[in-house]
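In what follows, a single structure is set out as structure tokens and then discussed.
Readers should treat all values here as calculations from the given coordinates under stated rules, not as data from a laboratory. Every value quoted in this text rests on a predicted model; they were computed, and no experiment measured them. Cβ: placed from backbone, ideal geometry, glycine included. Neighbour counts: every protein chain shown.
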Amino acid sequence: MDQTDILIIGGGVAGLTFAIKMAERRPDHKILVITKSALGETNTRYAQGGVAAVWNHEVDDFNKHIADTLDAGDDLSDPNVVNIVVKEGPVRVRELIEWGAKFDQQNGTYDLGREGGHSENRILHFKDLTGWEIQRTLLEKAGTYDNIELRDNIYALDLLTQHHLGYVVTRVTPNIVCYGAYVQDKSTNEIKTIISKVTIVATGGAGQVYRNTTNPTIATGDGTAMVYRAKGRLENMEFVQFHPTALYNPAGENPDFLVSEAVRGFGAILKTRDGEPFMQKYDKRESLAPRDIVARAIDNEMKIRGDDFVYLDCRHIDKDDFTDHFPTIYHKCQSLGIDPMAHMIPVVPACHYLCGGIKVDAYGRSSINHLFAVGECTSTGLHGANRLASNSLLEGLVFAHRIVEAVDDIIDHIKFEKNIPDWDAEGTTEPNEMVLITQSWKELKEIMSSYVGIVRNNVRLQRARSRLHLLYKETEDLYQTTILSPQLFELRNLITNGYLITRSAAMRRESRGLHYTTDYPDKLDFLDVTIL
Ligand code: FAD
Ligand code: SIN
């Protein structure tokens with residue numbers, strides 16, 4: 001059994017920012033950050049566009065950023081949370097700069113980019129590698145604290161609660177408490193118990209539940225699934241954001257390569273395969289409308305025309321400007337024989353971001369005592385039914401700071417729970433057919449992509465639920481009889497996420513933001529979250 005004051009599951013923008021701030025606040029406390037693969041292999045690392053924050057007060061102000069966020073959220077965001085994130089955001093970004101993050105400047109001032117749904121240029125960025133720069137900064141900074149330990153290739157399996165002490169815990173049990181987590185060391189396959197006073201889930205998104213996704217392979221919704229199994233509260237899981245412009249990927253690369261929305265902010269225009277702009281038919285903001293609108297418009301054009309992709313036309317943009325701002329995108333296109341200055345870039349929507357997740361309050365507290373959550377795995381109320389571009393990194397920074405306040409208040413009153421039994425692997429044997437896992441994973445992706453994608457209806461959702469139920473049963477059988485592997489756990493977690501997305505989608509009998517169903521095409525007057 002290992003013991004740490006604070007266990008952080010996840011080392012992206014959310015987990016590392018919290019670790020740094022907590023280490024500074026309480027140097028006497030031991031903080032352990034675990035990541036399931038290499039340090040730095042996170043969604044954060046792949047962020048392109050940047051971080052949204054009100055910066056140029058001559059033209060921008062908090063009210064504009066608040067209004068844009070609420071508008072993108074399609075009336076489901078919590079105005080109090082939006083207010084907090086927008087107003088605290090610039091201070092948090094400034095701290096990141098003080099820690100060493102470099103954002104592009106022009107003539108001595110920050111070069112602010114524009115993305116869909118923003119009424120002003122307010123995106124700080126580092127070329128098209130903003131996430132890489134943030135991840136680098138945070139890892140370097142975290143490495144300077146004696147009381148932070150970073151351990152890679154440690155996979156969190158399950159959260160520890162009273163259930164592990166032999167009590168019956170259900171969704172209505174009051175005062176569920178988290179005591180840490182069971183983890184698997186991927187280098188030895190050993191399963192260990194880590195007990196902690198406070199546990200932070202910062203596990204990122206679940207994009208791998210769909211066939212086409214911009215999310216790296218670590219994005220398997222482990223945190224949302226673990227909290228659901230521990231009987232914690234989740235909400236708004238139906239709001240899955242599809243990014244309008246992933247590079248068309250007939251070779252089936254996983255993940256799909258993103259062509260940042262910042263490229264449209266720089267003037268690129270969406271066109272059909274015969275070169276006609278089409279976004280004017282859908283929204284007056286055209287190619288820079290919020291993502292839900294643009295992704296649905298592309299999906300519709302592809303279906304009407306029977307095309308596999310639409311085009312992004314950048315040919316009118318100055319080559320030096322383009323390569324200076326988007327070197328990674330330029331080189332990726334070139335590597336596939338597409339010269340963005342001479343050819344239009346083929347793009348398709350791909351799953352990009354989970355707007356719902358673990359329900360937390362304005363200080364990151366989950367419904368389980370001593371368990372906090374931060375980053376993409378949460379539902380804070382900021383994004384509502386659709387996230388505004390570049391608000392995710394911002395949310396991670398702001399909430400990481402707020403959680404420090406809440407943890408500091410309670411940690412001195414918490415004792416370690418030392419009676420947790422070791423993981424019980426009795427009755428399990430070595431898996432002899434990996435194909436059972438890989439095939440189920442493929443089936444899951446097909447089910448979710450075919451039936452729970454951008455456009456939904458009751459028949460498709462019902463079909464998804466019955467197919468998912470079968471996969472669930474087969475996977476549980478495998479789980480009961482085979483020795484555990486992270487692959488099996490990831491499959492199990494993805495099936496849980498697929499189920500939660502599908503069930504929430506079926507519960508929402510309206511179309512709002514990212515959830516569009518042909519059976520209920522209108523938005524209802526009353527607002528509600530889908531609680532699971
Ligand atoms: P992540 O950065 O994904 O980190 C998750 C961590 O959890 C990892 O360390 C992982 O190893 C760990 N983990 C997961 N499960 C386990 C487990 N079971 N055990 C142990 N460790 C575990 N947002 C913006 O605001 N601006 C952008 O420009 C932008 N561009 C994007 C571009 C791309 C291609 C993608 C994919 C996303 C983009 N986003 C952007 C979204 C944003 O990057 C993510 O929402 C954000 O980085 C999530 O941060 P996080 O800390 O919550 O999770
Ligand atoms: C992008 O660069 O288009 C991604 C931005 C985001 O997801 O916020």
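Annotations for the structure displayed:
- Whether region 389-501 is rounded, prolate or oblate, judged on the alpha carbon gyration tensor where a/c under 1.5 counts as rounded: oblate
- Farthest positive-ward along region 297-358 dipole, Cα basis, beta-carbon charges - from Thr328, Met344, Ile358: Ile358
- Computed 3J(HN,Hα) for region 6-15, one whole-Hz value per residue from the Karplus formula 6.51 cos²θ - 1.76 cosθ + 1.60 where θ = phi - 60°, is 10, 10, 10, 9, x, x, x, 4, 6, x, glycine and proline marked x.
- Shape call, region 1-158: gyration tensor on alpha carbons, a/c limit 1.5: prolate
- Karplus (6.51, -1.76, 1.60) ³J(HN,Hα), θ = phi - 60°, over region 165-170, in Hz, Gly and Pro reported as x: 9, x, 8, 7, 10, 10
- Entry note, region 233-296: relative contact order of 30 percent, from Cα contacts under 8 Å with a spacing of 6+ residues.
- Within-12-Å neighbourhood charge of Ser119 [Cβ basis; K, R +1; D, E -1]: -2
- For region 5-162, the share of DSSP beta bridges that are antiparallel, to the nearest 5, is 40%.
- Normalising the average separation of contacting C-alpha pairs (under 8 angstrom, six or more residues apart) by the number of residues puts the relative contact order of region 88-165 at 23 percent.
- Each DSSP beta bridge with both residues in the chain is either parallel or antiparallel, and the antiparallel ones are about 60%.
- Amide H partners (placed H, <5 Å) of Tyr516, local residues excluded: Arg456
- Across region 108-162, the volume of the C-alpha convex hull divided among the residues equals 208 Å³ per residue.
- Taking 0.36 nm per residue of sequence separation and removing the Cα-Cα distance, the Glu443/Ala67 pair yields an extension gain of 131.3 nm.
- Entry note, the chain: the mean residue ellipticity at 222 nm calculated from DSSP H runs of n ≥ 4, each adding -39500 (n - 2.57), is -11000 deg cm²/dmol after division by the residues and rounding to the nearest 500.
- Above-threshold pairs, the threshold being 32 Å between Cα atoms, out of Lys21/Lys359; Lys231/Lys418; Lys21/Lys445; Lys303/Lys332; Lys231/Lys442; Lys197/Lys445: Lys21/Lys445; Lys197/Lys445
- The chain: angle of helix 392-410 to the longest principal axis, Cα-based, in degrees nearest 10: 30
- Rg and Dmax of region 238-277, Cα atoms only, in Å: 12.2, 34
- For Ala47, residues with placed amide H under 5 Å, excluding near neighbours: Gly131, Trp132
- In terms of surrounding Cβ atoms within a 10 Å radius of their Cβ, Tyr472, Tyr363, Tyr353 rank from fewest to most as Tyr363, Tyr472, Tyr353.
- The C-alpha radius of gyration of region 422-465, expressed as a fraction of 2.2 N^0.38 Å, stands at 1.74.
- Cα-Cα pairs of region 137-282 separated by more than 20 Å (percent): 66
- From phi via Karplus (6.51, -1.76, 1.60), per-residue ³J(HN,Hα) for region 513-526 in Hz, x at Gly/Pro: x, 7, 9, 10, 10, 5, 6, 9, x, 9, 8, 7, 6, 8
- Listed from fewest to most Cβ neighbours within 10 Å, the set Val263, Val177 follows the order Val177, Val263.
- Residues whose amide H comes within less than 5 Å of that of Lys359, counting only those at least five positions distant or on another chain, are Arg233, Leu234, Glu235, Ser379 (H built at 1.01 Å from N in the peptide plane).
- Given the chain, longest segment not containing exposed loop GluC sites (Glu not before Pro) (DSSP; at most 16 other Cβ within 10 Å): 254-425
- For region 399-449 and region 162-176, distance of Cα centres in Å: 17
- Calculated SAXS-style log₁₀ I(q)/I(0) at q = 0.08, 0.10, 0.11, 0.12 Å⁻¹ - the chain, Debye, Cα scatterers: -0.48, -0.76, -0.93, -1.12
- Distant alpha-carbon pairs in region 150-219 (separation over 17 angstrom), percent: 58
- Solution diffusion estimate, µm²/s, Stokes-Einstein, region 330-403, Kirkwood Rh from C-alpha pairs, 25 °C, viscosity 0.890 mPa s: 167
- Summary value for the chain: 22 percent relative contact order, contacts being C-alpha pairs under 8 angstrom separated by 6+ residues.
- Our Cα-only numbers for region 269-360 put the radius of gyration and Dmax at 14.9, 48 Å.
- Rounded Å value of the spacing that divides the Cα centres of region 1-43 and region 236-293: 34
- Shape of region 405-444, Cα gyration tensor, a/c cut at 1.5: oblate
- Förster radius 22 Å - calculated FRET efficiency between Glu474 and Val169 (Cβ-Cβ, nearest 0.05): 0.30
- Neighbour counts of C-beta atoms inside 10 Å place Met237, Met434, Met344, Met448 in the sequence Met434, Met344, Met448, Met237, starting with the fewest.
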